[in-house]
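What follows is one structure encoded as structure tokens, with my remarks underneath.
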Amino acid sequence: MKIPNLHSNHIPTGYESNHSNWIKKMLRAYWVVVLTHVVIQIGCFQFLDYDRTPEDFMIHVLFWPTLASTLAILIANWVERHFSSFSFYSMSIASTIIAWTIIHVNYDIRIILAICLLPIFASVLFFSKKKVWMVCLMQMTGYLIVLCDPAYRLYLSSFDMISIPAFLIVGTYVAQLIVTSGVEVLDELQANMLAKQDLIVRNAIMSKQSKTDGLTKLYNQSSFKDYYEKAFEYATNGMSLHLALLDIDNFKSINDTYGHRVGDAILERVSRVIQENITSSDIAARYGGEEFALLMFEQSFEQAYAMVEQIRKKIARSVHKELEGAYITVSVGLKSYSPHLTKDILFEEVDACLYAAKRTGKNKTMTSLDPV
């Protein structure tokens with residue numbers, strides 16, 4: 001059984017195809033973050049003591065931070081549409097800009113620093129340790145850029161300057177542990193899925209093998225009886241049904257003269273002729289030894305007769321090099337369902353027609369009706 005391709009981190013290819021959807025969802029979430037920040041800032045300015053003038057608030061708290069965040073999201077959306085292979089990087093850069101812009105505006109709120117962990121934990125969705133640490137490096141870069149602002153730098157103590165990078169590293173380490181655990185879970189799910197698929201395939205193969213003849217690939221006698229019983233039940237409700245039995249003439253002498261290997265080759269060729277000349281709705285089976293059975297539906301008796309005659313004639317014209325120029329023939333018995341017959345009587349009458357064909361010269365189709 002073919003095993004699906006896996007990502008280098010053992011992530012199924014099907015999961016990677018959903019990355020674009022995840023990125024689109026994350027970018028939509030970033031719009032919510034930016035809008036929420038604007039609403040909260042306006043609310044705080046209106047109802048709380050704010051140490052900024054209205055002009056300073058509008059320019060440095062609302063306009064420039066919102067503009068930077070908006071441009072970052074718009075650029076990330078454009079990259080996702082036109083250069084999807086770089087969409088993760090553009091999304092991560094956008095999230096970094098948004099996080100550190102909000103942190104810079106609200107650096108007097110200690111807990112706001114936790115927002116820089118959002119891009120790191122968002123990268124967990126992509127189940128790649130390298131991507132997690134790359135996003136961590138982006139946060140470090142954002143921290144260094146914000147640190148260039150003297151006001152922010154003065155606000156931080158020496159402990160803060162050391163603890164913030166440590167905070168980022170610890171958060172990233174936790175994120176990569178989540179990635180590792182997630183990969184292990186996905187590996188287990190993948191293994192279970194493949195085992196289940198393998199079991200389904202094996203069961204299908206075993207089911208097919210139990211219903212078909214190994215040599216001719218036609219249905220075997222047991223499965224034919226099941227189909228015959230069901231077909232007869234349908235016939236009693238008005239569906240047309242024709243039963244034919246075909247038997248290779250003088251097959252024993254072929255086995256005795258040329259060996260069973262040649263006999264098997266003849267059986268395969270006869271079954272191939274049968275398969276090539278029946279319709280998709282018909283059922284063909286190797287009933288036993290050199291005898292074959294046909295169930296034909298959705299056609300008149302005349303059409304069924306013409307079909308078995310076509311099969312008989314093609315077999316008679318077939319050339320078999322193993323037989324040194326000799327030909328093989330088949331005798332056929334054919335009869336249609338009629339309401340006064342049981343399934344056993346129908347089969348016995350068809351069998352009687354078959355042996356009547358053999359007794360009267362072979363290589364012919366015998367039926368209780370004359371073909372039109």
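Here are some notes:
- Sparse-neighbourhood loop sites, GluC sites (Glu not before Pro) in region 278-334 - DSSP loop, at most 14 other Cβ within 10 angstrom: 298, 324
- Accessible area per residue was computed with a 1.4 Å probe on protein heavy atoms; residue 338 scores about 30 Å².
- Length available on full extension from residue 130 to residue 222: 0.36 nm per residue minus the Cα-Cα distance, which gives 27.2 nm.
- A simple count of charges around residue 265, restricted to other residues whose Cβ falls under 10 Å of its Cβ and scoring Lys, Arg +1 and Asp, Glu -1, yields 0.
- Heavy-atom accessible area order for 253, 331, largest first, 1.4 Å probe: 253, 331
- For the chain, the 222 nm mean residue ellipticity estimated from helices alone, with every DSSP H stretch of n ≥ 4 adding -39500 (n - 2.57) and the total spread over all residues, rounds to -21000 deg cm²/dmol.
- When you restrict to C-alpha pairs under 8 Å that are six or more residues apart and normalise by the size of the chain, the relative contact order lands at 12 percent.
- Solvent-accessible area of residue 53 with every protein chain in place, 1.4 Å probe, in Å² to the nearest 10: 80
- Leading residue at positive end of dipole, the chain (Cβ point charges), from 193, 328, 135: 328
- Residue (of 105, 221, 50) at the positive-pole extreme of the chain, dipole from beta-carbon charges: 221
- Rounded to the nearest 5, the antiparallel percentage of DSSP beta bridges internal to the chain is 85%.
- For region 48-174, the calculated P(r) over all alpha carbon pairs, in 5 Å bins from 0 to the bin holding the longest distance, is 2, 10, 18, 22, 19, 14, 9, 4, 2, 0 percent.
- Rh (Kirkwood; distinct C-alpha pairs) - the chain, Å: 27.9
- At a probe radius of 1.4 angstrom, the accessible area of region 287-372 per residue rounds to 51 square angstrom.
- The chymotrypsin sites (Phe, Trp or Tyr not before Pro) found in region 42-142 that occupy coil by DSSP, while having at most 13 further C-beta atoms within 10 Å, are 83.
- Rounded to the nearest 20 debye, dipole of region 208-281 from Cβ charges on Lys, Arg, Asp, Glu: 220
- Accessible surface of residue 161 - all protein chains present, 1.4 Å probe, nearest 10 Å²: 70
- Simple spin-label estimate for residue 360 and residue 297 in nanometres, 7 Å along Cα-Cβ: 3.1
- Angle between the chain longest axis and helix 19-47 axis [Cα atoms, degrees, rounded to 10]: 30
- Total formal charge among the other residues, if their Cβ is under 11 angstrom from that of residue 179, Lys/Arg +1 and Asp/Glu -1: +2
- What you get for the chain, charging only the Cβ of Lys and Arg (+1) and of Asp and Glu (-1), is a dipole of about 660 debye around the Cα centre.
- Å² per residue, accessible surface of region 108-174 at 1.4 Å: 54
- Farthest towards the positive end of the charge dipole of the chain, among the residues 285, 255, 64, is the Cα of 255, using unit charges on the Cβ of Lys, Arg, Asp and Glu.
- In the chain, the portion of solvent-accessible area held by carbon and sulfur atoms comes to 61 percent [1.4 Å probe, whole percent, DNA, RNA and ligands not counted].
The values are calculated or read from the model by the stated rules, or taken from the named source; none is laboratory data. In this text the structure is predicted, and so the values were computed from the model without any measurement. Cβ coordinates were reconstructed from backbone atoms using ideal geometry, including for glycine residues, and neighbour counts include every protein chain displayed. Ligands, DNA and RNA are stripped out before the accessible areas are found, and what is left, the full protein with its side chains, is counted by its heavy atoms. Shrake-Rupley method; radii C 1.70, N 1.55, O 1.52, S 1.80 Å.
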